[in-house]
Each structure stands twice: as structure tokens, then as C-alpha cells.
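For reference, the structure discussed in these notes is given below.
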Amino acid sequence: MGSSPLPRWGAVLGFALGGFFDGILLHQILQWHHLLSLVPGMDDLRLQVLWDGYFHALMYGLAALALVGLWRAHRRGARAAGAALAAALLMGFGLWHVVDSVLSHWLLGIHRIRVDSPNPLFWDLVWFFGFGVAPLLLAGWLLRGNGGGGRMTGRLALVALTLGTLGAAIWSLRPPADQPFTTVVFRPGLAPAQVAQALARQDARLVWADPAMGVVVVETPPGRALRLYAEGAWLVGGAGLPAGCLGWSRV
């Protein structure tokens, strides 16, 4: 990619976007797995959500580092062709999926693409080639400059990748139209009796709960879900942008 640091930071940003893409789509929207779905002793939903949060925080950190690097390189006068930047983003995006497949799926075994599938290897390979190998091949094609429209293709690839990631994020925030229940994660340290009292104060009908009452599914009157934050809730599905994805949880 030449001596310019811009493509290198672009690859780091693409790597972070790959992590966001997987976390938003697979952990939250489709709910095919969580980061530590196959780790023994991690069957508590609250722990699974917590480690998904740690994972997203790491991706935020990488994305912020990449954006700072891109900004500083640009301030120092670094230049790079649009196709090279798009190729770098695609390379980072594809590299994330290759690393995740090899490390998380096959070596460590902490999760698979679809943990409930009778043939998890099939889904692993679909993701490996579709979102790992294919973007890497497209990045190589852009770097070789095949065709007269390489620069325009690079811009279109950059726009498509950005819009796809942003669209997945927006989709995860909207609650489904046919979901009558609200998923709530309470802060650690609250006793089950305290959680029950909090729900009673907000006229929330308990539908399901884990043994420690740390994660509950309730039916709340209109406009009452947001008040659960004042009762010790950390995340309330559909009541605030950071937790909108929990609205897709099923009982």
C-alpha cells in the first residue's frame, strides 16, 4: 500500500468495523451466539451480555485509535488514493473474520457462528469465505487497479461498507413490532426481593427471570420501562439507545 500511513490506519478501522459487524449482527440481531457461548460456566445471560459489552468496548477503542491515526497522518500531509483506502478497509474487515474464524471458532472454541446448528462448520465456512476471504480478494483487486473504474469502485466499496455497518447498528436499536415484553439487566448486588419490589413499584409483570433475578423479562405499562433505570437497572430493552438490542430477546 505504499509508504503512506493512511492505508495502515484504514486497515485498523476496517478490522474494528468487522468486529462491530459481527457483534451487532450475530450477538444482538440474529442472536446466533455470544462471545463466550461455548465457554464452560458462562451460561448466565448477564455474564454473556457483559462480555459482549467488553468486546464492543475493545472494538470502540480500536476504531478510536484508527480515527486518531488517520487524522494525525492527514494533518502531517499524508496522502493515499481512494482505492487504496477502500482496499485497506476491506482488508481489515476481511482479516477480522479470518482471525475470528481461526482463533475463536476452531482453536479456542469459545463460540461458533451458529451454536444451535447441527452442522456448525458449514456456517463457520460460509462466514469465513463470505466475509473473510471475499473482502480480502476484493481488496487485492483494488490494489492491482484492475479496470479503469478502480477509483470509483473503491469509493463505492467504502460507502457500502460504512452504510452496511451503520445500518446494522440502527436496526439493532429498534424493537420488533410484535414484541410485548421488555428485557431488563439489573446491577449486581440487588437481592431477588429488591428486584421484585422494584418491578412491583413500576407495575411490571414478571414473565421470566434467571435464578438470581439479575436478568428478567417483564411486561410493563406504556412509558414505564424507562423508569426501571431508577430502580437499579443497567440495561432496559427498547428504553435508551445503548440497550435497544435487548428488545429482540425472546422468552
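Can you give me the convex hull volume of the Cα atoms of the stretch 59-136, divided per residue and expressed in Å³?
In the stretch 59-136, the Cα convex hull volume per residue is 94 Å³.
Which distance in nm do the two modelled labels at Ala200 and Val133 give, with both placed 7 Å along the Cα-to-Cβ direction?
The two pseudo-label positions are separated by 6.0 nm.
What's the extension gain from Leu30 to Leu45 if we count 0.36 nm per residue and subtract their Cα-Cα distance?
Result for the pair: 3.8 nm of gain on full extension.
Does the stretch 1-130 classify as rounded, prolate or oblate by the C-alpha gyration tensor (a ≥ b ≥ c root eigenvalues; a/c under 1.5 gives rounded; else a/b over b/c gives prolate, otherwise oblate)?
Because a/c hits 1.5 or more and a/b exceeds b/c, the stretch 1-130 counts as prolate.
Give me the accessible area per residue for the stretch 1-93, probe 1.4 Å, as a whole number in Å².
48 Å²
Give me the 1.4 Å probe accessible area per residue for the stretch 186-227, excluding ligands and nucleic acids, in Å².
Accessible area per residue: 55 Å².
The values are calculated or read from the model by the stated rules, or taken from the named source; none is laboratory data. This is a predicted model, so every value here is computed, not measured. When we count neighbours, we look across all protein chains shown, and the Cβ atoms used for this are built from the backbone with ideal geometry, even at glycine. We work out accessible area using only protein heavy atoms, side chains counted, and drop any ligands, DNA or RNA first. Shrake-Rupley method; radii C 1.70, N 1.55, O 1.52, S 1.80 Å.
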